[in-house]
Amino acid sequence: MLRENLFDSKTEERLYLYLHSNLSDKFMIHAHVPVFNVFERKKVRNHPKIGEREFSFLEKTNFDFVVVDKDSSNPILIIEFDGLGMGYNTEKEYVQVKETCDPYRKLKLDCKTILCHSAKMPFVIISYPEVELIENQITVLDGIIGTYLANREFNRLFQEDVHLLEEELKNVYDPIQREVIIEQYGLEREVESKYRYNPILRKIMKLQHKLMLEKKLPISCSKILGDPTPLSKKLGYPDQDDEGYDSCLVIAEYRENKKDPEDPFSTKNILCHRKIPVRTFHCKGVVPWILSADIGELLVLLEIANMFGVSVD
C-alpha cells in the first residue's frame, strides 16, 4: 500500500536533495506543497482567469518545491520540475516542448504560471536542461537560484543600511560626488550579495583573484551579445541559437595584446571561449543571456586556471 518513494522520479528526488543541501542553512525547502497552502482559496476563486475547471485542478494539485524564508515562514520562490513535457515558463504561460499522454498538461501548468504571476510570486518551471551539469562544474539551476537570492539579499541590504548612506551624504552637496558615494554604496552590497548567494559568481570572484593577483596574469574576459556575430561564426558556433534558447559569447584574451585594426574579428589573441545556450525561462530578476554569460565566464576562467597550473578550490 505504501509508495516506495515520496517523489515522482529519481530526478525530482535528486533535485530536492540538491536544494536541501545548498539552501537549508538559510531557507526551508518543502516538497509537494498543496497550492492552497500557498494561496488563499477565496482569492483564487475570484481570479478573473481561473474558471471552474482550472480551480478544480488547483484544488487537487501541488507545487513541486517551495523555498521558504526561515525567519518569516513566507514562501519566496516556487520551483516546478517538468520531466514529462520538458517545458519552461515565460512570464505568463507554460511552453511545452515534448508531447505527453496528458492533453491538459499545458492548461494545468498555465494555471500555476498565471496564479504566481498575478501574485508576484517568483516561479520557475525547469526540466532536464536546467539540472544537467555543464562541463561537470555547474548547472543552470545554480544560476537561477543564486541570481534570484542574490538580488533579494541586495534589496534587503540596501534598505537595511540606508541610514549609513544618508549619514555619509549629509554634508555632501556636490551632485557628482553624491552620485559616486551612492554608486559605491550599492556596489559594495551588490558584491556582498552575489558572493554570499550566487555560487557561479562566487567561483568567478575567487578565480579572478587567483589569476589576476596571485599569478599576475593580465587576462580579460569580454562578453559579446548578438546572434550571429562575425566572431562567433569564426569560432565555430552555430549561426543562431535553437528556438527557445539564448546565449552570450565569452572570450578570454591577454589585455596587453592590441587588436588588429585591419581584422577586428581576429581570433589569434583569444586564449579560450564559451557560448552556453540557456533556455528563455522566466524567473524574477534572472535574465537568461546574462546567466549564459556568467556560466561562460566561469568555464573560461577554469580553463585558463588549468592552462597555467592554478589550483582551483
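The values are calculated or read from the model by the stated rules, or taken from the named source; none is laboratory data. Remember, it's a predicted structure, so these values are computed and weren't measured experimentally. Note that we place each Cβ from the backbone using ideal geometry, even for glycine, and neighbour counts take in every protein chain shown.
Residues in segment 38-53 include at least one that is crowded, with 17+ Cβ neighbours inside 10 Å, in contact with a strand residue (DSSP E or B) (Cβ under 6 Å, 6 or more places away or on another chain) and in a helix (DSSP H, G or I).
Condition test on Ser56, is it farther than 17 Å from Cys111 by Cβ and either of a type outside the set (Phe, Trp, Tyr) or in contact with a Gly (Cβ under 7 Å, 6 or more places away or on another chain) (or both)? Spell out the reasoning first.
Details: farther than 17 Å from Cys111 by Cβ: no; either of a type outside the set (Phe, Trp, Tyr) or in contact with a Gly (Cβ under 7 Å, 6 or more places away or on another chain) (or both): yes.
In short, no.
Among the residues examined, Leu231 qualifies as free of Cβ contacts under 8 Å to residues at least 60 places away in the same chain and surrounded by 19 or more Cβ atoms within 10 Å (Cβ to Cβ). For segment 1-36, the candidate set comprises residues that are hydroxyl-bearing (Ser, Thr, Tyr) and assigned to a loop (DSSP other than H, G, I, E, B); within that set, the residue that is farthest from Leu58 (Cα to Cα) is Ser24. Among residues belonging to segment 9-62 that are in contact (Cβ under 8 Å) with a residue 24 or more places away in the chain and acidic (Asp, Glu), point out the one that is nearest to Ile144 (Cα to Cα). Ranking the candidates gives Glu12 first. Within segment 115-140, if we keep just the residues that are out of contact with any helix residue (DSSP H, G or I) (no Cβ under 7 Å at 6 or more places or on another chain) and buried (at least 20 other Cβ atoms within 10 Å of the Cβ), the residue that is farthest from Glu59 (Cα to Cα) turns out to be Ser127.
The combined condition, being acidic (Asp, Glu), in a helix (DSSP H, G or I) and either under 30 Å from Pro199 (Cβ atoms) or outside the structural domain of Thr280 (by TED's automatic domain parsing) (or both), is not fulfilled by Glu80. Candidates Asn89, Asn22, Asn62: the one that is over 22 Å from Gly143 (Cα atoms) and not small (Gly, Ala, Ser) is Asn62. Condition first: crowded, with 24+ Cβ neighbours inside 10 Å and not in a helix (DSSP H, G or I). Now tell me which residues in segment 285-310 satisfy that. None; the set is empty. Helices (runs of 4 or more DSSP H) fully within segment 101-208 that include at least 3 residues being under 28 Å from Pro34 (Cβ atoms) and touching a strand residue (DSSP E or B) at 6+ places or on another chain (Cβ under 7 Å): 105-118, 140-160. With respect to Leu201, determine if the residue is modelled with pLDDT of 90 or more, exposed (fewer than 12 other Cβ atoms within 10 Å of the Cβ) and under 30 Å from Ala305 (Cα atoms). Against the criterion (modelled with pLDDT of 90 or more, exposed (fewer than 12 other Cβ atoms within 10 Å of the Cβ) and under 30 Å from Ala305 (Cα atoms)), Leu201 does not qualify.
Applying the condition of being surrounded by fewer than 16 Cβ atoms within 10 Å (Cβ to Cβ) and either among the polar types (S, T, N, Q) or at pLDDT 80 or above (or both) to segment 213-222 and asking which residue is nearest to Leu302 (Cα to Cα) yields Ser220. The residues of segment 116-175 that are closer than 30 Å to Glu303 by Cβ and among the acidic types (Asp, Glu), listed by number, are Glu130, Glu132, Glu135, Asp142, Glu153.
Determine, yes or no, whether Leu133 is closer than 23 Å to Ser24 by Cβ, hydrophobic (A, V, I, L, M, F, W, C) and modelled with pLDDT of 95 or more.
Details: closer than 23 Å to Ser24 by Cβ: yes; hydrophobic (A, V, I, L, M, F, W, C): yes; modelled with pLDDT of 95 or more: no.
In short, no.
Condition (residue is buried (at least 19 other Cβ atoms within 10 Å of the Cβ), within 17 Å of Leu23 (Cα to Cα) and not aromatic (Phe, Trp, Tyr)) applied to segment 183-193: is it met by at least one residue? Yes, segment 183-193 contains a residue that is buried (at least 19 other Cβ atoms within 10 Å of the Cβ), within 17 Å of Leu23 (Cα to Cα) and not aromatic (Phe, Trp, Tyr).
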